[in-house]
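Encoded as structure tokens, the structure appears first; notes follow it.
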Amino acid sequence: MLELVNVSFGVSQDSQQKDILKNISLKLEDNKFTVITGPNGGGKSTLAKVIAGIEKPCEGKILFNGEDITELSVTERARLGISYAFQQPVRFKGITVFDLIQLASGEKMSVEEACRYLSEVGLCARDYVRREVNASLSGGELKRIEIATVMARRTKLTVFDEPEAGIDLWSFQKLISVFEKLHRENHGSILIISHQERILNIADEIMMIADGQLTACGSREELLPQILGKTVNRGCKAMEG
Amino acid sequence: MNEITQRILEEVAELHGIPEGAYNIRENGQSIGRSSTEEIEIGTRKDGKGLVVRIRPGTKKKSVHIPVVISQSGLTEVVYNDFYVGDDCDVTIVAGCGIHNAGNDASKHDGIHSFFIGKNAKVKYVEKHYGSGDGSGERIMNPETIVEMDADSYMEMDTVQIKGVDSTVRKTTARLKEGAKLVVMERLMTHGKQQAESYFDVYLDGEGSGANIISRSVAKEESYQKFCSRLIGNAVCSGHTECDAIIMDSAKISAVPELAANHPDAALIHEAAIGKIAGEQIIKLMTLGLSEQEAEEKIVEGFLR
């Protein structure tokens, strides 16, 4: 279980302090599929980075399975079982898709095994496994490889930051089934930052973050009608960005 | 063959024992083994300063190994090797030099290799440089490669210098006739106070000739690198040169491109990029469980692959 206790995060901009996360407390139960949604600039991606250890909170505590991980590095958190899929996947010259999947799994694996992960995200594995993760790949291809990489880690908690961004419609449908499968088989928690109604539709829990604060939190049945209702009332603003 | 020589041969020529086919192994200034075949003849130059390798026209899928080992501290040598590759050949030439210097005097190998590549011939040239030994004497290598390419010939040159060479000045000059293609992949890593300079002069003289010169390098600690590439287009031709470098610690790197088009249909491109390892690359690998140092090593290893 992941627990955030009064977590705040800010940056100084033009010699002024800007608060991005304000006193956030939340719990992610084991084996739950949670989606965090909310307007753009509300602090969702920052929250994902704080969980992965890429950003350090200025106040508050993060507990993972009862252990205080607030001061732990990205590496230490990864080794404890936290995975993080980048919103904009990173490119590498010379490192192949196979290398990345193998590094993610943390053990030697066969090309066939690596290919299985690629097939699951809808890529023709044979065409991709030996390719470099460089600028020759499109944004959508990189995104799917990113998802395959975190799947290969099979960790207790996987955080996806806007996995739908840059993915075409056909792949999006596939993506939904990837998440459903991951949820079914992985026996871990999944946290997805998303604006997509179809991703919200498969969530167990939904959390809403706006202006750096947790404004709503509850089961899908409870929250989804409210969120969609607001969307209509506010002319889609709540869901946009 | 002693253990040091064996280890160096493995490093520079991936040789485990005596190679198949034609070879010459040079150790501390002398040939310690040589073998010619029916198609590939290895002889000594008239002036005695190196080898003459003649490959019969039409020779296919054959290789020549000519590694050099220096394990005697203070040895300095200049070697001239000439390669005559006949028309329609398809061969691999593996050169390479390793210096093990356990003493305090500088050891130096300057290898000047001239290639005369026949019409429609295909050559893969592999050259690996390596240094070892804990003496304070420098390990110096200054390779020079001169290539004359006849019509429709193809040469792929793969040069690697990853470890242990204190100072190197590499010069490559190539002249290409019609339809000839040259592809160069240079990989270089320097550390400590090492210095490495690499100069390419490629003359695209014939119609339809083409060259692609790619350098990937990593400069660590206080090392220094300079990469100069000149592409001279004298006909309808295409040329591309690319220098991609990772700079670390307090190293210094210069990339000096020069393109000269002496024909209106010469299409020449230069690309150069020098920069640190992107922070997000390190973070990405850390999210997979690698430490910062492991991530850096992985990125460098991939980059120089």
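The values are calculated or read from the model by the stated rules, or taken from the named source; none is laboratory data. None of these values were measured; they are calculated from a predicted model. A quick note on method: Cβ atoms are made from the backbone with ideal geometry, for glycine too, and the neighbour counts reach across all protein chains shown. These area figures cover heavy atoms from the full protein model, side chains too; ligands, DNA and RNA do not enter into them. Shrake-Rupley method; radii C 1.70, N 1.55, O 1.52, S 1.80 Å.
Among the residues of the range A:123-145, those identified as within 23 Å of A:LYS181 (Cα to Cα), more than 14 Å from every other protein chain (Cβ to nearest Cβ) and buried (at least 18 other Cβ atoms within 10 Å of the Cβ) are A:LEU123, A:ALA125, A:TYR128, A:VAL129, A:GLU141, A:ARG144. I need the full set of residues from the range B:286-297 which are crowded, with 20+ Cβ neighbours inside 10 Å and more than 7 Å from every other protein chain (Cβ to nearest Cβ), in order please. Listed by number, the list holds a single entry, B:ALA295. Here A:ASN65 fits the description: of a type outside the set (Ser, Thr, Tyr), away from chain B (no Cβ under 14 Å), closer than 23 Å to A:ALA152 by Cα and surrounded by fewer than 18 Cβ atoms within 10 Å (Cβ to Cβ).
Among residues of the range B:53-66 that are touching a residue at least 40 places away in the same chain (Cβ under 8 Å), those with a beta-carbon under 8 Å from a residue that is open to solvent by 40 Å² or more (accessible area, probe 1.4 Å) and β-branched (Val, Ile, Thr) at least six positions away or on a different chain give the pairs B:LYS62/B:THR37; B:LYS62/B:THR92; B:SER63/B:THR92; B:VAL64/B:THR92. Residues in the range A:156-190 that are open to solvent by less than 50 Å² (accessible area, probe 1.4 Å) and of a type in the set (Ser, Thr, Tyr): A:THR158, A:SER171, A:SER189. Scanning the range B:115-130 for residues being open to solvent by 20 Å² or more (accessible area, probe 1.4 Å) and assigned to a strand (DSSP E or B) gives a total of 6. Once the range A:196-232 is narrowed to residues that are over 24 Å from A:ASN31 (Cβ atoms) and touching a Gly at 6+ places or on another chain (Cβ under 7 Å), the residue that is surrounded by the most Cβ atoms within 10 Å (Cβ to Cβ) is A:GLY212. Restricted to the range B:1-83, the set of strands (runs of 3 or more DSSP E) holding at least 2 residues that are open to solvent by less than 80 Å² (accessible area, probe 1.4 Å) and more than 18 Å from B:LYS108 (Cα to Cα) comprises B:22-27, B:30-35, B:40-44, B:51-55, B:60-65.
Residues of the range B:236-252 that are touching an Asp or Glu at 6+ places or on another chain (Cβ under 8 Å) and over 21 Å from B:ASN212 (Cβ atoms): B:MET248, B:ASP249, B:SER250, B:ALA251. Got a number for residues in the range B:154-184 being without any contact (Cβ under 8 Å) to a residue 60 or more places away in the chain, open to solvent by 30 Å² or more (accessible area, probe 1.4 Å) and aliphatic (A, V, I, L, M)? Within the range B:154-184, residues that are without any contact (Cβ under 8 Å) to a residue 60 or more places away in the chain, open to solvent by 30 Å² or more (accessible area, probe 1.4 Å) and aliphatic (A, V, I, L, M) number 2.
Among the residues of the range A:148-175, those that are touching a residue at least 60 places away in the same chain (Cβ under 8 Å) and within 14 Å of chain B (Cβ to nearest Cβ) comprise A:THR149, A:VAL150, A:ARG153, A:THR155, A:LYS156, A:LEU157, A:THR158, A:VAL159, A:PHE160, A:ASP161. Among the numbered criteria (1) out of contact with any His (no Cβ under 9 Å at 6 or more places or on another chain); (2) of a type in the set (Gly, Ala, Ser); (3) open to solvent by 20 Å² or more (accessible area, probe 1.4 Å), which single criterion is violated by B:GLY133? Going through (1) out of contact with any His (no Cβ under 9 Å at 6 or more places or on another chain); (2) of a type in the set (Gly, Ala, Ser); (3) open to solvent by 20 Å² or more (accessible area, probe 1.4 Å) one by one, B:GLY133 breaks only (1).
Could you identify the single residue in A:SER119, A:SER110 that is under 21 Å from B:LYS298 (Cα atoms), away from chain B (no Cβ under 14 Å) and without any contact (Cβ under 8 Å) to a residue 40 or more places away in the chain? Step by step, each of A:SER119, A:SER110 is checked, and only A:SER110 is under 21 Å from B:LYS298 (Cα atoms), away from chain B (no Cβ under 14 Å) and without any contact (Cβ under 8 Å) to a residue 40 or more places away in the chain. Tallying residues that are more than 7 Å from chain B (Cβ to nearest Cβ) and in contact with a Gly (Cβ under 6 Å, 6 or more places away or on another chain) within the range A:74-94 yields 1. Of the residues making up the range B:196-247, those that are within 14 Å of chain A (Cβ to nearest Cβ) and either at positive phi or of a type in the set (A, V, I, L, M) (or both) are B:ILE214, B:VAL218, B:ALA245, B:ILE246.
Checking each residue of the range A:84-98 against the condition of being open to solvent by 40 Å² or more (accessible area, probe 1.4 Å) and either within 16 Å of the chain's Cα centre (by Cα) or in contact (Cβ under 8 Å) with a residue 60 or more places away in the chain (or both) gives at least one match. If the condition is being among the small types (Gly, Ala, Ser) and open to solvent by 40 Å² or more (accessible area, probe 1.4 Å), then the range B:136-153 contributes only B:SER136. Inspect the range A:29-44 for any residue being within 14 Å of chain B (Cβ to nearest Cβ) and open to solvent by 10 Å² or more (accessible area, probe 1.4 Å) and give the result as yes or no. So far as the range A:29-44 goes, no, none of its residues is within 14 Å of chain B (Cβ to nearest Cβ) and open to solvent by 10 Å² or more (accessible area, probe 1.4 Å).
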